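One structure below.
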Amino acid sequence: MKYYILFGPPGAGKGTQAAAMVEKYNLHHISTGALLRKEIAAGTELGVLAKSLIEKGCLVPDEVVEGMIENEFSTVTGVEGFLLDGFPRTIPQAEALDEILSKRGTEVTAVVSIMIPDEMVMERIKGRALKEGRADDASEEIINTRIATYHNQTEPLIAYYGNAGKYHHINGVGSIEEVGERIFEVMDRF
């Protein structure tokens, strides 16, 4: 079983590329947002806890998200591996993931990081706001906050996974096909 992590700033094309990665390598895509919605809809114990926290305006604690991810690892079958998107975002989350995988006798296979310059993040998110009518993507101030948050949370993880030899930088500038080929070149090694 392979365990990939997908990194990239907002607007880097993670959603588009994740779909191609899942199809080509028979992976199960785990997006933390989608996972939370699924658990809440299913009324699982973790979902009920997450819903009560969200309704109070609280963040869902790492332990709850980690439990949901561990549950996905245990219940999803018929795949060659998993593609984590949106987790881990911090060093403690990365350490927790390492522990979860260690209990399974395995480890992170690779981190695929689609990188684009901050100016392009701004441009793509503004374009997405117009195209999809997403108010959260329309404000430059909000976009700048999202970019800063991404850099603050991700840069320590780049070193964390880089030191382990698992980090792979992908140039995200170019056509969808060009970026996809760069990703496939990396993933074909595993």
Worksheet item: Any residue in segment 104-116 that is free of Cβ contacts under 8 Å to residues at least 12 places away in the same chain and open to solvent by 80 Å² or more (accessible area, probe 1.4 Å)?
Response: no
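Condition check ((1) open to solvent by less than 80 Å² (accessible area, probe 1.4 Å); (2) closer than 25 Å to VAL22 by Cα; (3) in contact (Cβ under 8 Å) with a residue 60 or more places away in the chain) across all residues:
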position: GLU70; (1), (2), (3): yes, yes, no
position: THR77; (1), (2), (3): no, yes, no
position: ILE100; (1), (2), (3): yes, yes, no
position: SER139; (1), (2), (3): yes, no, no
Worksheet item: For segment 169-184, which residues satisfy the criterion of being closer than 15 Å to VAL111 by Cβ and open to solvent by less than 30 Å² (accessible area, probe 1.4 Å)?
Response: ILE170, GLY172, ILE183
Worksheet item: Which one of these is more than 20 Å from TYR167 (Cβ to Cβ), charged (D, E, K, R) and out of contact with any Lys or Arg (no Cβ under 7 Å at 6 or more places or on another chain): GLU140, GLU80?
Response: GLU140
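Filter segment 111-125 for residues that are among the aliphatic types (A, V, I, L, M) and assigned to a helix (DSSP H, G or I); which is modelled with the lowest pLDDT?
The first filter runs over segment 111-125 and keeps only residues among the aliphatic types (A, V, I, L, M), leaving 111-112, 114-116, 120-122, 125.
Of the ones still in play, those that are also assigned to a helix (DSSP H, G or I) are 120-122, 125.
Working: MET120: 90, VAL121: 86, MET122: 85, ILE125: 82.
Among them, the one singled out is ILE125.
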Worksheet entry | Scan of segment 7-45 for residues that are of a type in the set (A, V, I, L, M, F, W, C) and in contact (Cβ under 8 Å) with a residue 24 or more places away in the chain, ordered by number | PHE7, ALA12, ALA18, ALA20, MET21, VAL22, LEU27, ILE30, LEU35, LEU36
Worksheet item: Which number in (1) more than 20 Å from ASN152 (Cα to Cα); (2) touching a residue at least 40 places away in the same chain (Cβ under 8 Å) marks the one condition that ARG89 misses?
Response: (1)
Worksheet item: So GLU66 fits all but one of (1) in contact (Cβ under 8 Å) with a residue 60 or more places away in the chain; (2) under 18 Å from MET1 (Cβ atoms); what number is the exception?
Response: (1)
Worksheet item: Out of all the residues in segment 29-47, is one or more in contact with a His (Cβ under 9 Å, 6 or more places away or on another chain) and either more than 25 Å from HIS169 (Cβ to Cβ) or of a type in the set (Ser, Thr, Tyr) (or both)?
Response: no
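Tell me yes or no: at least one residue of segment 51-59 is among the charged types (D, E, K, R) and either surrounded by 13 or more Cβ atoms within 10 Å (Cβ to Cβ) or touching a residue at least 12 places away in the same chain (Cβ under 8 Å) (or both).
yes
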Item to complete: Could you grab me the full set of residues in segment 87-98 that are modelled with pLDDT of 95 or more and open to solvent by less than 40 Å² (accessible area, probe 1.4 Å)?
Response: ALA94, ALA96, LEU97
Discussion item. Take the conditions open to solvent by 30 Å² or more (accessible area, probe 1.4 Å), in contact (Cβ under 8 Å) with a residue 12 or more places away in the chain and of a type in the set (A, V, I, L, M, F, W, C) and apply them to MET187. Does it pass?
Written reply: no
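The values are calculated or read from the model by the stated rules, or taken from the named source; none is laboratory data. The structure displayed is predicted, hence computed values, not measured ones. Positions of Cβ are generated from backbone atoms using ideal geometry, with glycine treated the same way; all protein chains shown enter the neighbour counts. Remember, those area values only see protein heavy atoms, side chains included, never the ligands or the DNA or RNA. Shrake-Rupley method; radii C 1.70, N 1.55, O 1.52, S 1.80 Å.
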